[in-house]
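The values are calculated or read from the model by the stated rules, or taken from the named source; none is laboratory data. This is a predicted model, so every value here is computed, not measured. Note: ideal-geometry Cβ built from the backbone for every residue, glycine included; neighbour counts use all protein chains shown.
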Amino acid sequence: MRFIERSRLEPGKLMLYRAHLDVHAQLPAVSLSVSLNIMHTAGAQGWLDQCRFDLNRGAIGGIVSPGPSEALLKVAVGLGSGQALDLAHRFARRHPSDRLRLTCWDTLATGLHDPAARDALWREAEQSGSRLVAMEARARRVVLVA
């Protein structure tokens, strides 16, 4: 990744950046304004996130573009479909996106009201092979015990 510029939006200004390569700092506008962030998506793009960067730390500060798959999965599981639960379990264990895997574990845990069952689920998630999921699972288990 390469830091490109610090820039302020002005009327009529167009900024073009390469996805997952260019980083820019968008400074606040002088007055109230609206901007559009238009991004091309395609199957070849895969499960890449649009990130917010913490320029002071030189690190990713968060994800600003959760995918629609996460919301659809939560709704499907919430409606109680056995097929949706099966899909959530399969995605939790093997999906290429760690973020979607975590969403699956979280969605499955939300449906469990017994603390022991939630603990068992998060214990399984810790062994899922994803560093992100394992760290979050440990943190969730600590909250259950507290």
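Couple of notes before you dig in:
- Residue match in the stretch 36-58 (condition: in a helix (DSSP H, G or I), hydrophobic (A, V, I, L, M, F, W, C) and surrounded by fewer than 10 Cβ atoms within 10 Å (Cβ to Cβ)): yes
- Screening ARG101, ARG141, ARG118, ARG90 for residues that are touching a Ser or Thr at 6+ places or on another chain (Cβ under 8 Å) and either crowded, with 18+ Cβ neighbours inside 10 Å or more than 30 Å from VAL23 (Cα to Cα) (or both) leaves exactly one candidate, ARG101.
- ASP49 at pLDDT 80 or above and either within 29 Å of ALA137 (Cβ to Cβ) or not basic (Lys, Arg) (or both): no
- Test: residue in the stretch 54-69 that is out of contact with any helix residue (DSSP H, G or I) (no Cβ under 8 Å at 6 or more places or on another chain) and modelled with pLDDT of 90 or more: no
- Residue count for the stretch 12-46 under the criterion of being in contact with a Phe, Trp or Tyr (Cβ under 8 Å, 6 or more places away or on another chain) and either among the β-branched types (Val, Ile, Thr) or at pLDDT below 80 (or both): the result is 1.
- Just one of the numbered conditions (1) out of contact with any Phe, Trp or Tyr (no Cβ under 7 Å at 6 or more places or on another chain); (2) modelled with pLDDT of 90 or more is not true of SER81: (2).
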